[in-house]
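The values are calculated or read from the model by the stated rules, or taken from the named source; none is laboratory data. The structure displayed is predicted, hence computed values, not measured ones. Here the Cβ is made from the backbone with ideal geometry for all residues, glycine too, and neighbour counts use every protein chain on show. To get the accessible areas, we keep the full protein, side chains included, count just its heavy atoms, and leave off ligands, DNA and RNA. Shrake-Rupley method; radii C 1.70, N 1.55, O 1.52, S 1.80 Å.
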Amino acid sequence: MSPKTSPAAVLEINAREVHISNPDKVVFPEPGLTKLDLVKYYLAIADGALRGVDGRPMVLKRFVKGISQEAFFQKRAPEKRPEWIDTATLQYASGNSAEEVVVRDAAALAWVVNLGCIDLNPHPVRAEDLDHPDELRVDLDPMPGVDWRQIVDVAMIARDVLTDHGLVGWAKTSGSRGIHIYARIEPRWDYRQVRLAAETLAREVERRAPGLATAKWWKEERGESVFVDFNQNAKDRTVASAYSVRARPDARVSTPLDWDEVPECRPEEFTVRTVPERFAERGDPASGINDAVGSLDALLALADELGPAEKPPKSSDGSGRRASTMPLIEIARAKTKPEALEGLERWKSQHKDVVKLLEPADILVDGMRGSSSLWYRIRVNLQHVPDKERPEQAKLEVDYDPWARKDPTGS
């Protein structure tokens, strides 16, 4: 970070003044990008970014301490905000409600970036109809050991499944390790039905690509496959939208692609430095998404045909919790990922003979959503370790309680 706070910059955007506090603050040290650089990036690709967020309530994922520290999630719109910032009140599954920011123009886009929002996380609904999503989303999430080629192969199969069921798929890099695929839908179905359609899509992709893709919800059961994450359609979930910058050292961007680009693309090619030029030269590959509205009828008919997905067995302790089918032990619960990984390394040093038997997908690192921020859990699947050589569950290497101190800011 810059050692001194710089004077605010004032930008005039569509006849509105947007104040950018501490504009010279370095947000991405590796490419040397400042806060003002980030705002200017979003203004350069505003037409594309707004296509993904316009009119949608958004969770503010704020990196107030920079990309090296965990962000906190703020659902409620700041009380101090310009009168031209729109909001909508969402009812959550928990029973709570939150008045969330709704971005509708480039000025509002710059305003949320000034709050420390590096990526944009809108809900799949419009402010005018909060109960009926108009977007189906899946995240192709690779397990450890999966290479990029396999993710691409699964993406092409997912596109075919959508096409076969009357929907147009739109692909973008996630800006991290995977690919996101969206489909615009008529706002006729509730969250439960949209999630069921997405789960059915995932199950059909798995059926067409056994071993390459999986719809298995429980991480330890996936193996070295690409998880077609359908739960991004649950009511409380949001996904980084098109042209969102991700908090990675190279300032990577979640970038829409034409389908003929997908087989040869490399996610590291799309960054804050490269995407504006690409956008200026070729426009937005997703420019037609709002004109390609489809129906879920065919996917929901397939859901009826397939029947309910297999449910895991229940625990025998009477708690009602599921019983894992895999021999799992928990290693760490930590506030930050580095702390969790340090705990894993300590465990590995104590169990070198066991570590030799593990496959990459046997080490399960989960980012868990807390009340206002992520925390991290690490488990080990001992499925490849002979019974007699499996270590018992021991005291956690790191034992953080994410619920001990609830931060009201993101509640």
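State yes or no: is A303 in contact (Cβ under 8 Å) with a residue 12 or more places away in the chain, part of a loop (DSSP other than H, G, I, E, B), open to solvent by less than 30 Å² (accessible area, probe 1.4 Å) and among the small types (G, A, S)?
Working: in contact (Cβ under 8 Å) with a residue 12 or more places away in the chain: yes; part of a loop (DSSP other than H, G, I, E, B): no; open to solvent by less than 30 Å² (accessible area, probe 1.4 Å): yes; among the small types (G, A, S): yes.
No.
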key: Within segment 158-176, tally of residues that are part of a loop (DSSP other than H, G, I, E, B), crowded, with 18+ Cβ neighbours inside 10 Å and not hydroxyl-bearing (S, T, Y)   = 4
request  = Would you be able to say whether some residue in segment 47-65 is free of Cβ contacts under 8 Å to residues at least 12 places away in the same chain and of a type outside the set (S, T, Y)?
outcome  = yes
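Go through segment 14-109 and tell me which strands (runs of 3 or more DSSP E), entirely inside it, have 3 or more residues that are open to solvent by 40 Å² or more (accessible area, probe 1.4 Å). Lay out the reasoning, then the answer.
On the way: elements: 16-20, 26-28, 57-62, 72-74, 86-91, 97-102.
Answer list for segment 14-109: 16-20, 86-91.
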remark   = Of (1) open to solvent by less than 50 Å² (accessible area, probe 1.4 Å); (2) within 20 Å of the chain's Cα centre (by Cα), K335 fails just (1)
task = Scan segment 340-353 for residues that are of a type outside the set (K, R) and over 14 Å from D366 (Cβ atoms) and report the count.
result = 7
message = Condition (residue is in a loop (DSSP other than H, G, I, E, B), surrounded by fewer than 19 Cβ atoms within 10 Å (Cβ to Cβ), hydrophobic (A, V, I, L, M, F, W, C) and over 18 Å from the mean Cα position of the chain (by Cα)) applied to segment 248-259: is it met by at least one residue?
response = yes
query = Regarding A242, is this residue within 30 Å of Y41 (Cα to Cα), touching a residue at least 40 places away in the same chain (Cβ under 8 Å), of a type in the set (A, V, I, L, M) and surrounded by 13 or more Cβ atoms within 10 Å (Cβ to Cβ)?
reply = yes
